[in-house]
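The values are calculated or read from the model by the stated rules, or taken from the named source; none is laboratory data. If you're wondering where the values come from, they're calculated on a predicted model, not measured in any experiment. Here the Cβ positions follow ideal geometry from the backbone for every residue, glycine too, while neighbour counts run over all protein chains shown. For accessibility, only protein heavy atoms count, side chains too; no ligands or nucleic acids. Shrake-Rupley method; radii C 1.70, N 1.55, O 1.52, S 1.80 Å.
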Amino acid sequence: MQRSLAFGAYLLFSSLLLALLLYSGRQQADTVAEHYFPANRQLVKQLGLTDLSIWSEARYTRHPSQADLFTAFQDYPGAFDHFPAGSIIGPGCLQGSPSLSFQKRGQP
Amino acid sequence: MRILIYLLLCLLLFSSSCFAKQPQQPDKKERCPVCGMFISPYRDWMGTILFKDDSQLFFDGAKDLFRYYFSLPNKNDSRTRDDIAEIYLTDYYSVRLLPVNQLFLVLGSDVSGPMGHEMIPVTGEEAAKTFAKDHNGQKIISFEQLTPQLIPKD
Amino acid sequence: MLLNPGILALLLGCSLAFAMLLYAAWLGLRILSRWDPQSSSEAQLQLERRTYLVSTLTNYAFSFEILSGLLFIFTLEDIHSLFIGAMCATGTLNANQIGWLVLLIKIVLFFTAAIWVHFNRLDQRTEDTPLVRPKYLGLLLLTPLVGLDLLLQYSYFTGLQPEIITSCCGSLFTLGSDSVASELAGLPVEPTMLTFFLAAGIFLILLVLCLSSKLALFRYLLFVASLGLFFVSLAAIVSFISLYIYQMPTHHCPFDMLQANYGFIGYPLYGGLFIGCLYGLLPGLAQLLPKTLSLHIEIEKTERRWLLRAFFAIVIFLLIVAGPILLGPFILLSY
Amino acid sequence: MSARLKILEHALASMARRKQKNFAIIAVYTLTVATLASILFLTQALRNEAANVLLGAPDLVVQRLLAGHHDLIPKQYAEQIAKLPGVGKVTPRVWGYYYDSLKKVNFTLLGVNDASEPPLLAGHLPTSGRQCALGRGIADTYGVEIGDSLVLVDSKNRTLLYEITGLFSHQSSLLTNDLILLPEAELRRFFALPDSQASDLAVQVYNEQEVSTLAKKIKHQLPDTRPIGKMEILHTYDTVFNWRSGIMLTIFSSALIAFCILAWDKATGISAEEKREIGILKAIGWETSDVLLLKFWEGLAVSLSSFLLGTIIAYLHIFFFGAGVLGPVIQGWSVLFPKFDLTPAIDLYQIFALAGLTIIPYIACTVIPSWKNAVTDPDSVMRS
């Protein structure tokens with residue numbers, strides 16, 4: 001009897017936990033849908049953005065929806081690489097390319 | 001002189017838009033009395049009938065609106081066509097509610113609304129012709145030429 | 001084909017269920033051909049053991065088939081937004097004509113599989129398992145049906161293209177067109193309402209009679225009454241119950257009530273109807289079973305439970321139906 | 001206590017006696033569920049995010065193609081497009097890339113004309129010559145704040161300083177992480193772009209139904225252009241996440257098969273002790289159906305507890321720990337990767353589907369082994 005009680009309690013507890021998580025997720029999604037999505041949509045609209053800034057390593061990954069049609073290794077926008085090797089080899093290092101730097105306020 | 005005419009025209013336009021009853025926007029619960037659909041997810045298509053007693057009915061498209069219009073007075077509604085103040089439909093190109101006499105209806109096009117085949121309201125004859133050319137429209141009519149037989153069946 | 005988790009789960013589950021049933025049917029065939037309850041040979045003992053495997057496999061497979069009906073409707077509701085013109089499951093079903101056939105098979109499977117599972121349980125409670133032959137014959141008949149269900153579901157889901165223009169429930173269930181759906185929708189409200197409540201009343205009276213008496217006739221009558229109630233209710237849902245639920249004089253769709261807009265009221269409504277009719281069918285069918293003593297005792301024991309379940313399910317169904325008619329602000333009959 | 005509860009009690013007790021075996025199964029099962037659920041939750045959340053946020057994207061973007069490359073588009077094209085019925089405003093956009101060879105990142109430089117304050121921005125947009133606004137990702141990586149200056153080398157190899165006047169908040173990271181905003185005139189000077197041309201044109205279309213027709217018309221009138229509709233943009237993201245989740249699901253499906261083999265194996269190869277236990281149960285009068293019920297309870301206990309635990313773990317992993325384990329698969333080679341602050345987009349239906357995908361295979365591959373155990377002959381066990 002003890003074991004089935006303990007098991008029942010475990011099941012009850014974890015289902016309640018899951019329900020709670022889903023419920024809080026729903027609440028979170030609602031607040032997000034109310035504040036964050038409209039704000040971001042507004043931002044997208046004002047700046048005329050077309051893509052998510054997730055992958056910034058190459059221009060066809062930064063703007064998958066805007067990328068050229070016939071760039072090497074790429075057959076259509078959203079295609080990653082032509083060859084399987086593309087997902088194993090990392091980006092190369094270019095010599096003498098510019099880099100980004102900053103100057104702190106007040107420093108020469 | 002010309003300026004005066006312009007001013008008068010402006011005044012006329014302004015006053016007519018001021019005195020004519022403006023349609024309300026549907027709220028989330030609003031449904032089409034013909035098919036029972038919710039209106040607000042499909043605002044690009046909606047049409048509305050404004051009655052003289054200030055009541056207003058929303059429809060999910062021109063097709064359902066005219067079905068209702070020609071059925072008046074029916075067993076659910078004792079009002080007649082004379083009780084209607086104005087009919088508004090959504091112009092296809094600008095997606096704005098406009099009075100029906102400003103619009104042309106294009107029949108038989110390949111554009112389908114939320115309820116399948118539709119009659120598409122377009123402002124101005126020029127735009128209506130362009131639309132019919134682009135979308136394989138069969139016939140352009142104005143509101144006065146509309147008969148119940150012309151309403152798409154499905 | 002749409003790679004939706006629900007569709008994947010349905011196809012995976014149905015194929016596994018079909019595979020399990022195929023194996024069970026093959027075992028069943030072997031058992032049937034050599035079954036001899038009088039014998040006490042080693043071979044007969046082996047066969048008796050196999051029956052446990054068959055019933056376990058079949059129980060699992062049929063339980064899934066019964067649940068899959070729910071998942072199917074759930075999935076249809078979920079993907080309707082992908083189709084132009086679909087407002088609810090009707091649109092998804094219309095997107096491809098096979099959809100309605102799948103739904104029909106799912107409903108048939110719900111009843112037949114549930115009956116099989118219940119009689120199997122009865123049989124297993126007895127010592128001498130008198131139902132082996134009818135059970136396995138039933139299994140052999142049901143297996144192709146499950147296969148057909150899988151096949152149709154597969155071709156239905158692979159045939160779904162998001163660009164398809166389907167028609168909405170509004171155009172299917174409107175008056176004036178000459179289809180079965182619109183004829184149902186066009187049934188005159190007052191006589192339909194009368195028939196519906198009459199059918200429900202007869203059903204409940206027969207239930208009470210069955211609970212108080214052991215006469216077989218009442219059970220046969222109850223069987224007929226539940227069949228009648230099932231079809232009358234489906235017609236009534238399209239004809240007037242939906243109108244009261246949607247509070248809309250022209251909206252006859254039997255699926256919209258499953259949506260969140262209407263508080264998912266359709267699920268308990270259909271649940272009550274299906275479960276009530278199922279348990280109304282069972283006592284009558286049980287009368288047709290071979291009359292051995294052991295089985296008779298088991299039926300006596302479980303029948304009361306069936307009848308009570310049927311009673312509560314139908315009462316829930318009737319309460320949901322009657323609620324908006326009696327309490328709602330919507331008055332249909334005054335037009 | 002009913003007979004069923006007694007059997008459940010017994011099932012739990014016998015599972016507790018074989019802690020190791022059952023713990024192993026539950027652990028692997030939980031992990032399998034957690035992986036599948038994580039994939040579903042993550043891709044669903046990202047897709048939801050993209051679909052919601054990018055709704056604000058231009059209805060139609062018109063690029064010019066020259067020799068297969070994205071090229072500058074003349075501004076007259078804008079006037080021609082604006083004449084088509086259904087077209088609203090046509091806005092020329094100016095943007096480009098700036099590669100940082102140290103961090104190996106392509107920054108996106110975008111010209112702004114409209115100085116009205118956008119949401120989710122601290123400070124203000126650049127208005128005059130030497131000002132800029134940055135995305136949170138850059139600011140965090142280089143540790144800069146409003147008031148500092150950005151140093152860029154322009155196309156004529158001059159070093160230019162831009163005062164940072166605005167920083168985007170982290171809530172917009174998914175959109176602005178690597179963005180550098182400059183006034184449009186300044187950006188034209190920086191890239192040495194002619195005034196008569198733009199990077200591409202953002203076209204406003206009132207009716208979204210008309211977008212594809214307009215795209216066809218534009219392509220017909222201006223054959224060297226490539227119109228990209230908003231639906232195509234959204235669809236690109238749908239396929240991108242589908243593709244990534246497809247790869248993960250393929251890898252996962254082998255894990256599912258491996259788990260099924262494990263479950264089958266564990267259910268088949270029962271110990272002599274377990275066999276004796278069943279033998280004794282049957283000797284003291286248990287029916288085969290009771291033993292089957294026992295096995296059913298065991299299976300139910302295992303799959304329910306693993307399913308619930310796995311789903312909870314997946315939820316916590318994705319939405320509380322920012323998809324720490326699965327994130328890199330989505331991330332690829334990106335260096336400036338936005339921190340995930342994902343919003344759950346789960347409904348009960350997905351949970352049901354998940355249950356269907358994981359519980360059914362487990363039941364299917366344990367049913368025959370458990371029957372084999374259940375029909376064990378008591379005396380053959382006792383005698384051995």
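Relative contact order of the stretch D:58-229: 38 percent, from C-alpha pairs under 8 Å at least 6 residues apart in sequence. Over chain C, DSSP H runs of length four or greater, each weighted -39,500 (n - 2.57), average out per residue to a 222 nm ellipticity of -25500 deg cm²/dmol. Computed extension length for C:Phe111-C:Asn261: 51.1 nm, one decimal, from 0.36 nm per residue of separation with the Cα-Cα distance subtracted.
Taking amide H as placed 1.01 Å from N in the peptide plane, B:Gly108 has its amide H under 5 Å from the amide H of B:Gln138, each at least 5 places away in sequence or on another chain. Between D:Ser254 and D:Thr91, the C-beta separation translates, for a Förster distance of 51 Å, into a calculated FRET efficiency of about 0.55. Sequence-distant contacts, meaning Cα pairs under 8 Å at least 6 residues apart, place the relative contact order of the stretch D:271-384 at 56 percent. When accessible surface is computed with a 1.4 Å probe, chains D and B are found to bury approximately 900 Å² between them, both chains counted.
Just to be sure I follow the definition: excluding the sites themselves, where is the longest run in chain C that has none of the GluC sites (Glu not before Pro) in a DSSP loop with at most 16 other Cβ atoms within 10 Å?
Numbers: sites that count: C:Glu127, C:Glu163.
Segment C:164-335 is the longest.
Distance from the Cα centre of the stretch D:32-67 to that of the stretch D:259-280, in angstrom? Answer, in whole Å: 46. Straightening the chain between D:Asp154 and D:Ile280 buys 36.7 nm, computed as 0.36 nm per residue apart minus the Cα-Cα spacing.
Computed from backbone phi, the HN-Hα couplings of the stretch D:58-64 come to x, 4, 8, 10, 10, 9, 10 Hz, rounded to whole numbers (Karplus: 6.51 cos²θ - 1.76 cosθ + 1.60, θ = phi - 60°; Gly and Pro given as x). For D:Glu184, the solvent-accessible surface computed with a 1.4 Å probe is close to 20 Å², ligands and nucleic acids excluded. Put D:Val94, D:Val28 in order of accessible area, highest first, and with a 1.4 Å probe you get D:Val28, D:Val94. Per residue, the convex hull spanned by the Cα atoms of the stretch D:58-229 measures out at 132 cubic angstrom.
Computed on protein heavy atoms with a 1.4 Å probe, the accessible areas place C:Leu137, C:Leu293, C:Leu227 in the order C:Leu293, C:Leu137, C:Leu227, largest first. Note on C:Cys210: accessible area approximately 0 square angstrom, rounded to 10, probe 1.4 Å, nucleic acids and ligands left out. Annotation note: trypsin sites (Lys or Arg not before Pro) in the stretch D:289-384 located in DSSP loop regions with a Cβ neighbour count of at most 14 within 10 Å are D:Lys339. The trypsin sites (Lys or Arg not before Pro) of the stretch B:79-154 that DSSP puts in a loop, and whose beta carbon has at most 13 other beta carbons within 10 Å, are B:Arg96, B:Lys153.
Taking the DSSP bridge list for the protein assembly as shown and keeping only pairs wholly inside it, about 85 percent are antiparallel. Largest to smallest in accessible area, the residues D:Leu46, D:Leu102, D:Leu121 fall in the order D:Leu102, D:Leu121, D:Leu46 (1.4 Å probe, all protein chains included).
What number does the stretch C:1-167 give for Rg over Rh if you use C-alpha atoms and the Kirkwood radius?
Rounded to two decimals, Rg/Rh equals 1.10.
When you have a sec, figure out the Kirkwood radius of the protein assembly as shown from all distinct Cα pair distances and drop it here in Å to one decimal?
This gives a value of 33.0 Å.
Peptide D:343-351 has a mean of 6 when you count, residue by residue, the C-beta atoms of other protein chains within 10 Å of its C-beta. Annotation for A:Gln27 and D:Leu55: the two label points, set 7 Å from Cα along the Cα-Cβ direction, are 2.4 nm apart. Could I have the simple spin-label model distance between C:Gln161 and D:Leu316, label points 7 Å from Cα toward Cβ, reported in nm to one decimal? Here the modelled spin labels are 4.7 nm apart. Result for chain C in a Gaussian network model with C-alpha springs under 10 Å: among C:Gln38, C:Gln46, C:Gln259, the largest mean-square fluctuation is at C:Gln38. For B:Glu118, the amide hydrogen comes within under 5 Å of the amide hydrogens of B:Gly113, counting only partners 5 or more places away or on other chains and with H modelled in the peptide plane. Round to the nearest 0.05 the FRET efficiency obtained for D:Ala185 and D:His220 when R0 = 41 Å and r is the Cβ-Cβ distance. Efficiency for this residue pair is about 0.75.
In this structure, A:Leu5 and D:Lys21 have a Cβ-Cβ separation that, at R0 = 25 Å, corresponds to a calculated FRET efficiency of about 0.60.
For the segment D:137-145, counting C-beta atoms of other chains within 10 Å of every residue's C-beta and taking the mean gives 2. In chain C, the longest principal axis of the Cα atoms and the axis of helix C:189-212 are about 30 degrees apart. Between B:Glu126 and D:Ala82, the simple spin-label model (points 7 angstrom out along Cα→Cβ) gives 1.6 nm.
Kindly express, to the nearest 10 degrees and within the range 0 to 90, the angle between helix C:42-79's C-alpha long axis and the longest C-alpha principal axis of chain C. Taking the Cα atoms of chain C, the angle to C:42-79 is about 10 degrees.
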